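Asker: Here it is: the structure, laid out below.
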């Protein structure tokens, strides 16, 4: 719970500029990504309310007001950061959900991947928890709906496995679902990129613990 | 993650005023508790930064400035709320730690009690997560140290049980500790006082899931 724990969000690798482009749109997109990264870090370190767009611009060497070339308001900036993080989860979530693996295999895959995603995007994943109230009610609903898809899928997988006799009948699938997300989502608070275990290893530990707790002996 | 989930923090029962007291100090203490309760609710609903002490006073029908008869600054108010919540945990934590029950029994008792404590103090338990950055670094350290005592105890109990062959050797005690607190601490985000299960029942579900995940088959 110290800001030291926010150390490591690495920059995502960017695709090389395409030759046929005059360069400018790509440079603008790259610069915009820098604005988002810097804002995410500053919101995390100082808090959303306490950070101004002028300060974000200054951190990037932009003249006062130039930050508005890349974004239209501070709340848009927060939303974009939080939404981008959640949009990135769709890639693996849709793949896992569409697969024809048995439900507990899907659960295992989601726990491992989601833990790793949370842990390798520490700053952005934390902003949903600490700053969600600064988003408009409509935008809160959009993000919450995206998270709810994951919860509903996990609940459905556990319920399906329970009906098939693979999960203990004395456990409540809904509380197990909350327990799983509580566990996975906590990673942003204590994961350290330079720690003893990788994000993937931690995801696998979580799986072992939960799956063997759920499964019928 | 909606403010509706904050509905239910009940007022703690207050001891009756003692006869030998002239009444005034007790009335002041009771009024002070109301200030803390109201501030906790307003910080939760609007955010700490966005709430002024004048607004807190107005909510209680106090004249501008009168709130300072009960508290000395807005940050003191936040600290008192968060600290009081953590002070309350000491009562059960010290009792569990001092008992001579086997380590996994202590773990079971702590998970159940701590889940119930979090769930029945929704507003206050959430403020640590959403507003900790608004506390001074020294005060953050005090609160984090209190929480670290719980984590260290759980880690020690799991390690002890593992050394005695009662907990699976292939699980990492530290990651299991993080998983447990992630699960327990998540209750403030989804527990509803009018929901299907009581806070104690949810605590017992968590125990079943984690203990059977940890234990050697």
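Laboratory data are not the source of any read-out in this text; all were calculated from the coordinates shown. Computed from a predicted model, the values in this text were never measured in an experiment. No Cβ is skipped: glycine too gets one built from the backbone with ideal geometry, and neighbour counts run over all protein chains shown.
Asker: Does anyone have the angle between helix A:103-120 and the longest principal axis of chain A? Alpha-carbon axes, 0 to 90°, nearest 10?
Answerer: 30
Asker: What average number of partner chain Cβ atoms lie no more than 10 Å from the Cβ of the residues making up B:203-212?
Answerer: Values: counts 1, 2, 8, 6, 0, 8, 12, 5, 1, 9.
Mean shielding by partner chains, rounded to a whole number: 5.
Asker: What is the projected area of the convex hull of the Cα atoms of the protein assembly as shown, averaged over all directions, in nm²? Provide the component values of the computation, followed by the final result.
Answerer: Details: hull surface 101.8 nm².
Reported value for the Cα convex hull: 25.5 nm².
Asker: May I ask for the angle, rounded to the nearest 10°, between helix A:122-131 and the longest principal axis of chain A, with both axes built from Cα atoms and the value confined to 0 to 90°?
Answerer: Taking Cα atoms only, the helix is inclined about 90 degrees.
Asker: Any chance you could check the Cα centroid distance between segment A:93-152 and segment B:124-166 for me, in angstrom?
Answerer: After rounding, the separation between the Cα centres reads 25 Å.
Asker: If a/c stays under 1.5 just call it rounded; otherwise compare a/b with b/c (prolate if a/b is bigger, oblate if not). Do that for segment A:169-217, with a ≥ b ≥ c from the square roots of the Cα gyration tensor eigenvalues. Mind dumping the intermediate values first?
Answerer: Values: a/c = 4.88, a/b = 1.89, b/c = 2.58.
Judged from the Cα gyration tensor, segment A:169-217 comes out oblate (a/c at least 1.5, b/c at or above a/b).
Asker: Most fluctuating residue of A:40, A:156, A:98 in a GNM of chain A with Cα springs under 10 Å: which is it?
Answerer: Among A:40, A:156, A:98, the largest mean-square fluctuation in the Gaussian network model of chain A belongs to A:98.
Asker: Ignore the peptide's own chain and count Cβ atoms of other chains within 10 Å of each Cβ in B:93-103; give me the average, rounded.
Answerer: Mean shielding count: 0.
Asker: Can you list, shortest first in nanometers, how far residue A:151 lies from the same residue in the other copies, with each label 7 Å from Cα toward Cβ?
Answerer: Output for residue A:151: 2.5 nm, nearest copy listed first.
Asker: Per residue of A:181-192, what is the mean number of Cβ atoms on other protein chains within 10 angstrom of that residue's Cβ? Please report the intermediate quantities before stating the final value.
Answerer: Working: counts 5, 12, 11, 4, 4, 9, 4, 0, 5, 7, 1, 0.
Per residue, the number of nearby Cβ atoms from other chains is 5 on average.
Asker: Taking only Cα atoms, what is the 0 to 90° angle, nearest 10, from helix A:137-163's long axis to the longest principal axis of chain A?
Answerer: Tilt of helix A:137-163: around 20 degrees.
Asker: Does chain B come out rounded, prolate or oblate, given a ≥ b ≥ c as the square roots of the eigenvalues of its C-alpha gyration tensor, rounded meaning a/c under 1.5 and, failing that, prolate meaning a/b above b/c? Intermediate values should be presented prior to the final figure.
Answerer: Values: a/c = 2.18, a/b = 2.00, b/c = 1.09.
It is prolate, given that a/c is not under 1.5 and a/b is the larger ratio.
Asker: Starting from 0.36 nm per residue, how many nanometres of slack lie between residue B:215 and residue B:99 once their C-alpha separation is accounted for? Walk me through the numbers before you get to the answer.
Answerer: Working: separation 116, 0.36 × 116 = 41.76 nm, distance 2.11 nm.
Result: 39.7 nm gained on full extension.
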